[in-house]
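Working notes for the structure below.
Every number in this text was worked out from the coordinates using simple rules, so none of it is lab data. This is a predicted model, so every value here is computed, not measured. Cβ atoms come from the backbone with ideal geometry, glycine included; neighbour counts cover every protein chain shown.
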Amino acid sequence: MGGQDKDRSLKLWIKFMRMGRRTGCHQMSDRSFYYKGWQFPVCARCTGVLFGNIAAIAGAFIFVPGLGVFLVGCAVMFLDWLLQRIGLLESTNARRLITGILGGYSLLSIMYVMVIRWILGI
């Protein structure tokens, strides 16, 4: 990769990192994935939440489980965070990704269901 290409890549990476920071992600390097030496602009859990949100948008047109399923998904993500926060169990990036997917899918689905119910007056 030439010097000019590397400069462009660095500028683009900085732009993505700023966007990631604006989402509220802490962007801790040890809790982030890397691709070809470049840190993802959001941590592993936030990456999972984004994937979960995308899955929820797609899934809303196919199948919407009950509210209890969504509450469990949110609880699983919260529990992973809580156990790490209080020092009982250190999470891994793989676990953060999986619980982030569950939580992101669940939270966006709850909001989706609430908005649809509000629109329909149910």
Note, the range 33-43: 3J(HN,Hα) by Karplus (6.51, -1.76, 1.60, θ = phi - 60°), whole Hz, Gly/Pro = x, goes 8, 10, 10, 6, x, 9, 6, 4, x, 9, 5
Overall Cα dimensions of the chain - principal axes, largest extent first, Å: 59, 38, 22
What order, most packed first, do the peptides 94-102, 40-48, 14-22 have when packing is the mean number of other Cβ atoms within 10 Å of each residue? 40-48, 94-102, 14-22
5 Å is the cut-off here: which amide hydrogens, built 1.01 Å from N in the peptide plane, fall below it relative to F33, excluding neighbours closer than 5 in sequence? F40, A44
Counting Lys +1, Arg +1, Asp -1, Glu -1, what net charge surrounds E90 among other residues with beta carbon under 15 Å of its beta carbon? +3
Quick one: 3J(HN,Hα) in Hz for the range 64-71, Karplus 6.51/-1.76/1.60 with θ = phi - 60°, rounded, Gly and Pro as x. 10, x, x, 4, x, 4, 5, 5
Tell me, what ³J(HN,Hα) does each residue in the range 22-32 have, in order and in whole Hz, if you take phi through Karplus 6.51 cos²θ - 1.76 cosθ + 1.60 with θ = phi - 60° and put x for Gly and Pro? 5, 6, x, 6, 6, 6, 4, 4, 6, 10, 10
In a Gaussian network model of the chain with springs linking alpha carbons closer than 10 Å, the residue among L82, L12, L108 that fluctuates most is L12
Can you list the aspartates and glutamates whose alpha carbon sits under 19 Å from that of K36, skipping same-chain ones fewer than 8 residues off? D5, D7
Would you look at the GNM of the chain, springs on alpha carbons closer than 10 Å, and say which of G37, G24, G52 moves the most? G37
